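A short write-up of the structure that comes next.
The values are calculated or read from the model by the stated rules, or taken from the named source; none is laboratory data. Quantities reported herein were computed from a predicted structural model and do not represent experimental measurements. With ideal geometry, Cβ positions are generated from the backbone for all residues, glycine too; neighbour counts draw on all protein chains shown.
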Amino acid sequence: MEFLRWDEVSGSGAGISTESRNNTFVPQGDTTRPKEVGPGVSITQTQAWFDLIQHVEEINNTHLRDLLQDEERCASMFLAAPTANPYHVRQGDREDMKRMPKAISSGALDSHEDYSQSSLILDFSHQRVTQKTIELLLELAKAAKVPEKIAAMFRGEIINKTESRAVLHTALRAPRERVILDQGKNVVPEVHAVLDKIKRFSEQVRNGEFVGATGKALTDVVAIGIGGSFLGPLFVHTAFRTATDSVQEDATQLPPQKAAAGRRLRFLSNVDPVDIARALEGLNQETTLVVIVSKTFTTAETMLNARTVRQWIVSKLGEGPPWARTVSRHMVAVSTNLKLVAEFGIDPVNTFAFWDWVGGRYSVTSAVGVLPLALQYGFHNVQSFLEGACSVDDHFHNETLSQNLPVLLGMISVWNVSFLGHAARGILPYCQALAKLPSHIQQLSMESNGKGVDMEGNPLLCEAGEIDFGEPGTNGQHSFYQLIHQGRQIPCEFIGVVKSQHSVFMKGEPVSNHDELMCNFFAQPDALAYGKTEAELREQGVPEELIGHKTFSGNRPSLSILMQAVDPYSVGQLLALYEHRVAVQGFIWGINSFDQWGVELGKSLAGDMRKKMTSVRANGTWERDEVGEGLNPSTSRLLRHYLAGMQHQAEDQLEDFPTGLVSEDDCEDLCPPSPTRRSSDQSMPRMTRHDSWGCLDKLDPRWG
Ligand code: F6P
């Protein structure tokens, strides 16, 4: 079969990035094109792909200004998610609600209907698509066997082939009675056993039954973890912190904000000792519970942070008697590697398992997120979050393609990336509680779909994956929106909320504070879509020399997700919506969205560097030539500069050498005094050089 490059097929290629034009290959001539993917047939070789490439020309002749005039088109692009959100049901309807299925069908909505019962609305009418585009995209989904791939994922087939694993994060939020098999074994009972254990443990900690080594209640939690063991839980924590809605079925089931009263949840992710100082600032070892979250329990950053914080605890509280060792009262773990957890000194009773069929970035609904969040907000709130995620899982699993929100979202992304050539995507929550959504999506999407080869390891024949970034509105508007409006074309996703977590309506103000925020949410998609023409500017009397500067081309795509409120249930829905749309994109591109080999090279080079630095530290040879051995001149020069700087600091101001976090007084009992140590402020944990050089080994030689 003959292949031509994208630009050779599509003429002008207007709106198509250079990269896309150069890298996308399509079959040519009178060839009969395959209907679907199969052995040796990539999605880019199918008829459906070719039809979309040809359709780009049609779309390039449209402008969103005109497309948005089409009432029927707009109505067909306005859909409601599964609605049965227990937080939004009017009191009178609550009994009926209980009888409703958790997920009900979505559908295109009549523009005059009342959707207040819908927890989430998707409007993609501001995308550069027509109804025909959507039909062609759905044909593409069929050609890529998306329905079969969704079914295979839910069935627990080994779809993460490079790691020989099933992909079953949906089992983490499945109801107790469901049967989900991994290699013939129903995993749901194990999932619920861990959930039950978390419920018990979190209640014991919260009600003071499980106390610290000195008998004090554990009111503060520090969750140590990175990547998927951090970003998802941080996103949910940020959304819960100010959430005031409750299901109100039971007076003891306080909404998240109230349930967290008197408690603190901190995250420690970066191996930068400054992050340690910030995470521990103002905390008291006696009342602090540390949750080490690591799927592998080998991640260098997490393990060094865990050892450092263990040292911080033991230095103050001592090791404790054999029957109640301090570590077991103040440190618990979430991991798939139970052996390494035990070796670390954590009581297996306080270890919360998950499974290798849960990818790190898909793990927030496992103990990774559930444990720290249940400790802070009570298990009932986390349970609602899981139910919300489950409602979207069911919708994704059962709904037809044309009504399936994650499928539609995924296909729109494929259209923007692979056909219109947009490399980036803005995630723009008009809601401070969703401030950490962009960071979570960055990992979820970019680690999943940032791939260069297909499932079989062949180079991709199209652009895949997008560059995600974002900030909450209106902060983003005063930062990078200039580029979005007049610079590069970046499809934007606006996420807004009908009911604010905290409504403020000040006397004398024309609108509420939340209205003001939402005015921007509604204005931005239109500004991007319509732009401003030269004629309009002239009509407004804009001086000729400024016409070019003040013109907005418009025709810039966006979509809007309008949530009824940000409560645990809807946060679960939003999370699952993004998880599944990322998977859909991977299914189309034929890549493995569930591995992450691209993070390995940097990690292994850091390991080589660590060996070099260890030897330099041990031998004091940083001025000698062998420091640079095996390195290129650039890296060698930088490393030498760093080591010289550290040597200088070590001599001049040893107390600032950030290698540990033990206050000098605490450390006095444990380590030989340092001749260069100076007196210090005892209100903050102090960083001293000798701690991690020798102190850990002296405490317990087994701790590495
Ligand atoms: O950065 C790569 C990665 O493996 C992520 O996929 C993962 O979420 C993160 O590191 C943390 O890994 P772990 O939970 O094993 O510490």
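A search for C-beta distances below 9 Å between a residue of segment 595-615 that is of a type in the set (Val, Ile, Thr) and any residue that is within 12 Å of the ligand (Cβ to nearest atom) and assigned to a helix (DSSP H, G or I), counting only pairs 6+ apart in sequence or on different chains, returns Val599/Gly227; Val599/Glu447. Among the residues in segment 404-419, are any among the hydroxyl-bearing types (Ser, Thr, Tyr), away from the ligand (no atom under 16 Å from the Cβ), out of contact with any helix residue (DSSP H, G or I) (no Cβ under 6 Å at 6 or more places or on another chain) and without any contact (Cβ under 8 Å) to a residue 40 or more places away in the chain? No: zero hits.
For segment 472-493, a residue qualifies if it is modelled with pLDDT of 95 or more and under 20 Å from Ala243 (Cα atoms), and exactly one does: Pro472. Count of segment 582-621 residues, restricted to those that are over 25 Å from Ser164 (Cβ atoms) and of a type in the set (D, E, K, R), is 5.
All conditions in (1) within 16 Å of the ligand (Cβ to nearest atom); (2) farther than 28 Å from Trp49 by Cβ; (3) of a type outside the set (Val, Ile, Thr) hold for Asn449, with the sole exception of (2).
Of all positions in segment 211-231, at least one carries a residue that is more than 25 Å from Ser366 (Cβ to Cβ), of a type in the set (Gly, Ala, Ser) and touching a strand residue (DSSP E or B) at 6+ places or on another chain (Cβ under 9 Å). Figure legend. Inter-residue proximity from segment 526-546: first residues assigned to a helix (DSSP H, G or I), second residues surrounded by 13 or more Cβ atoms within 10 Å (Cβ to Cβ) and among the polar types (S, T, N, Q), beta-carbon distance below 8 Å, spacing 6+ or different chains. Indicated pairs: Leu528/Ser558; Ala529/Asn555; Ala529/Ser558; Glu534/Thr551; Leu537/Thr551. Just wondering, is there one or more residues in segment 357-367 that are polar (S, T, N, Q) and over 17 Å from Glu579 (Cβ atoms)? So far as segment 357-367 goes, no, none of its residues is polar (S, T, N, Q) and over 17 Å from Glu579 (Cβ atoms).
Glu301: surrounded by fewer than 20 Cβ atoms within 10 Å (Cβ to Cβ), within 16 Å of the ligand (Cβ to nearest atom) and not small (Gly, Ala, Ser), yes or no? Judged against the criteria, Glu301 is not a match. Looking at Thr242, Thr252, Thr238, just one residue is assigned to a helix (DSSP H, G or I) and more than 16 Å from the ligand (Cβ to nearest atom), and that residue is Thr238. In this structure, Thr242 qualifies as out of contact with any Gly (no Cβ under 8 Å at 6 or more places or on another chain), β-branched (Val, Ile, Thr) and at pLDDT 95 or above.
Tallying residues that are more than 16 Å from the ligand (Cβ to nearest atom) and more than 14 Å from Val370 (Cα to Cα) within segment 206-232 yields 15.
Looking across segment 273-298, the residues that are within 16 Å of the ligand (Cβ to nearest atom) and either of a type outside the set (Asp, Glu) or in a loop (DSSP other than H, G, I, E, B) (or both) come down to Val290, Val291, Ile292, Val293, Ser294, Lys295, Thr296, Phe297, Thr298.
For residues in segment 478-489 being of a type in the set (S, T, N, Q) and surrounded by fewer than 19 Cβ atoms within 10 Å (Cβ to Cβ), which is farthest from Met518 (Cα to Cα)? Among them, the one singled out is Gln486.
Yes or no, residue by residue, for (1) modelled with pLDDT under 75; (2) surrounded by 17 or more Cβ atoms within 10 Å (Cβ to Cβ):
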{"site": "Tyr87", "(1), (2)": "yes, yes"}
{"site": "Ser106", "(1), (2)": "yes, yes"}
{"site": "Arg128", "(1), (2)": "no, yes"}
{"site": "Gln131", "(1), (2)": "no, no"}
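How about segment 404-460: which of its residues are part of a strand (DSSP E or B) and closer than 20 Å to Ile591 by Cβ? Within segment 404-460, Ala424, Arg425, Val453, Pro459 qualify. Among the residues in segment 529-538, are any under 30 Å from Ser570 (Cα atoms), of a type in the set (A, V, I, L, M, F, W, C) and surrounded by 11 or more Cβ atoms within 10 Å (Cβ to Cβ)? Scanning segment 529-538 turns up at least one residue that is under 30 Å from Ser570 (Cα atoms), of a type in the set (A, V, I, L, M, F, W, C) and surrounded by 11 or more Cβ atoms within 10 Å (Cβ to Cβ).
Within segment 323-350, residues that are free of Cβ contacts under 8 Å to residues at least 12 places away in the same chain reach partners that are within 16 Å of the ligand (Cβ to nearest atom) with beta carbons closer than 8 Å, at six or more positions or on different chains, in the pairs Ala342/Thr351; Pro348/Leu338; Pro348/Val341. Test Leu562 against the criterion of being closer than 30 Å to Ala433 by Cα and either basic (Lys, Arg) or in a helix (DSSP H, G or I) (or both), and give yes or no. No: the conditions fail for Leu562. Annotation note: Cβ proximity below 7 Å between a residue of segment 352-377 that is under 19 Å from Gly156 (Cα atoms) and in a loop (DSSP other than H, G, I, E, B) and a residue that is basic (Lys, Arg) and more than 10 Å from the ligand (Cβ to nearest atom) (sequence gap 6+ or interchain) occurs for Asp356/Arg165; Trp357/Arg165; Thr365/Arg173. Of the residues in segment 305-327, not one is more than 21 Å from Asp220 (Cα to Cα) and either buried (at least 17 other Cβ atoms within 10 Å of the Cβ) or near the ligand (Cβ under 10 Å from one of its atoms) (or both). Return the total of residues in segment 583-632 being within 16 Å of the ligand (Cβ to nearest atom) and in contact with a Phe, Trp or Tyr (Cβ under 9 Å, 6 or more places away or on another chain). Total meeting the criteria: 4.
Within the bounds of segment 42-53, is there any residue that is closer than 23 Å to Ala527 by Cβ, at pLDDT 95 or above and of a type in the set (Ser, Thr, Tyr)? No: segment 42-53 contains no residue that is closer than 23 Å to Ala527 by Cβ, at pLDDT 95 or above and of a type in the set (Ser, Thr, Tyr). Of Ala333, Ala342, which residue is touching a Pro at 6+ places or on another chain (Cβ under 7 Å) and either closer than 30 Å to Lys161 by Cβ or surrounded by fewer than 23 Cβ atoms within 10 Å (Cβ to Cβ) (or both)? Only one candidate qualifies: Ala342.
Residues in segment 165-192 that are part of a helix (DSSP H, G or I), under 13 Å from Arg155 (Cα atoms) and free of Cβ contacts under 8 Å to residues at least 40 places away in the same chain: Val188 alone.
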